[in-house]
Amino acid sequence: MSKMLNVRELFPEGQLRFIAGPCAVESEEQIDAAASFLSSRGVKILRGGAYKPRTSPESFQGLAEKGLKILRKAADQYNMLVVTEVMDEENLELVGEYTDIFQIGSRNCQNFSLLRAVGKLDRPVLIKRGFGNTVEEFYQASRYISKEGNDQIIMVERGIRTFEDSTRFTLDISAVPVLKEKVKYPVLVDPSHPAGKREYVPSLTYAAVGAGADGIMIEVHPEPERAMSDARQQVDFKTFEKIYGQAMKIREAMS
Ligand code: PEP
Ligand code: MN
């Protein structure tokens, strides 16, 4: 965690890298299984939420510090990096004790005080597009971070709200080329949250690669149907393996 990470080294131009892991950290066994499998397939960045922004306050909110500890331990054991969400300034210091990359979730894309706060730190920030934000608003959000001095930014398209309700969100594929024209940062796509159903995750991944995404951030769970959050959209290890292989072939065909 001590060396300063460079986002362009993590996501080199013209290549495809994956960030993968479950929606939420649920147990040591779950994260160990995910990290062991994913690292063996070449994934270097482990995701998992310890603080979950849930629609209902009754839903599982995450394991908080216990979850951060579990993530850190698994990442160290399997030589991976951690990306995890920080939901508020209050928890910035605590999350910073465990994570390599701060995640700003869709609901906080325009939380300007939080953006300024992570902008003052010397650690990469992965920011997800607000589901009610235009590409321009998303771009301006990234500028709140860089203006404070931190230009180690990763931008993630994760779907927007439209009139279309056959998927959870509408993946805005065109955001990829538009953002790549505007910023020098890696532009990633999260196919899991717009899909809402695991059946759609492969197609959205392949479309993202075709659109020129530098990376994919995907929810993978050892037993998706038993997940404590986003159970319908997480893929199992076997499905991940297939998606990963196909996505890499598409990327190769493009170069
Ligand atoms: C997540 O990736 O853990 C997440 C909560 O996604 P989003 O902020 O895009 O809804
Ligand atoms: Mn999720």
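The set of residues in the range 41-50 that are over 14 Å from the mean Cα position of the chain (by Cα) and farther than 14 Å from LEU81 by Cα contains only ARG41. Please tell me if VAL189 is within 16 Å of ligand 1 (Cβ to nearest atom), under 23 Å from VAL7 (Cα atoms) and under 16 Å from the mean Cα position of the chain (by Cα). Here the answer is yes, as VAL189 does meet what is asked. Here GLY212 clears all of (1) assigned to a helix (DSSP H, G or I); (2) within 25 Å of LEU38 (Cα to Cα); (3) away from ligand 1 (no atom under 16 Å from the Cβ) except the condition numbered (1). Looking at PHE11, is it open to solvent by less than 10 Å² (accessible area, probe 1.4 Å) and either away from ligand 1 (no atom under 16 Å from the Cβ) or touching a residue at least 24 places away in the same chain (Cβ under 8 Å) (or both)? Yes; evaluated as a whole, the condition is true for this residue. For residues that are touching a residue at least 60 places away in the same chain (Cβ under 8 Å) and surrounded by fewer than 23 Cβ atoms within 10 Å (Cβ to Cβ), scanning just the range 43-54, find the one that is farthest from ligand 1 (Cβ to nearest atom). Ranking the candidates gives ARG54 first. Within the range 107-154, can you find the residues that are among the hydroxyl-bearing types (Ser, Thr, Tyr), surrounded by fewer than 21 Cβ atoms within 10 Å (Cβ to Cβ) and touching a strand residue (DSSP E or B) at 6+ places or on another chain (Cβ under 7 Å)? Passing the criteria: only SER146. Residue-level check: of (1) in contact with a strand residue (DSSP E or B) (Cβ under 9 Å, 6 or more places away or on another chain); (2) more than 19 Å from PRO186 (Cα to Cα); (3) not in a loop (DSSP other than H, G, I, E, B), MET217 misses just (2). Among the residues of the range 204-230, those that are open to solvent by 30 Å² or more (accessible area, probe 1.4 Å) and within 29 Å of SER56 (Cβ to Cβ) comprise LEU204, PRO222, GLU223, GLU225, ARG226, MET228, ASP230. Residues that are of a type in the set (Ser, Thr, Tyr) number at least 1 in the following strands (runs of 3 or more DSSP E) confined to the range 28-139: 81-85. Just one of the numbered conditions (1) open to solvent by 10 Å² or more (accessible area, probe 1.4 Å); (2) under 18 Å from the mean Cα position of the chain (by Cα); (3) farther than 18 Å from LEU126 by Cβ is not true of THR162: (2). The criterion of being away from ligand 2 (no atom under 16 Å from the Cβ), touching a Lys or Arg at 6+ places or on another chain (Cβ under 9 Å) and of a type in the set (A, V, I, L, M, F, W, C) holds for LEU16.
Which numbered condition in (1) away from ligand 1 (no atom under 16 Å from the Cβ); (2) over 20 Å from ARG47 (Cβ atoms) is the only one that ILE160 fails? Here ILE160 clears every test but (1). Among the residues of the range 175-200, those that are open to solvent by 10 Å² or more (accessible area, probe 1.4 Å) and within 16 Å of ligand 2 (Cβ to nearest atom) comprise HIS193, GLY196, LYS197, ARG198, TYR200.
The values are calculated or read from the model by the stated rules, or taken from the named source; none is laboratory data. Since the structure is predicted, the reported quantities are computational estimates derived from the model, not experimental observations. Positions of Cβ are backbone-derived with ideal geometry, glycine not excepted, and every protein chain shown enters the neighbour counts. What goes into the accessible areas is simple: the full protein's heavy atoms, side chains included, and nothing from ligands, DNA or RNA. Shrake-Rupley method; radii C 1.70, N 1.55, O 1.52, S 1.80 Å.
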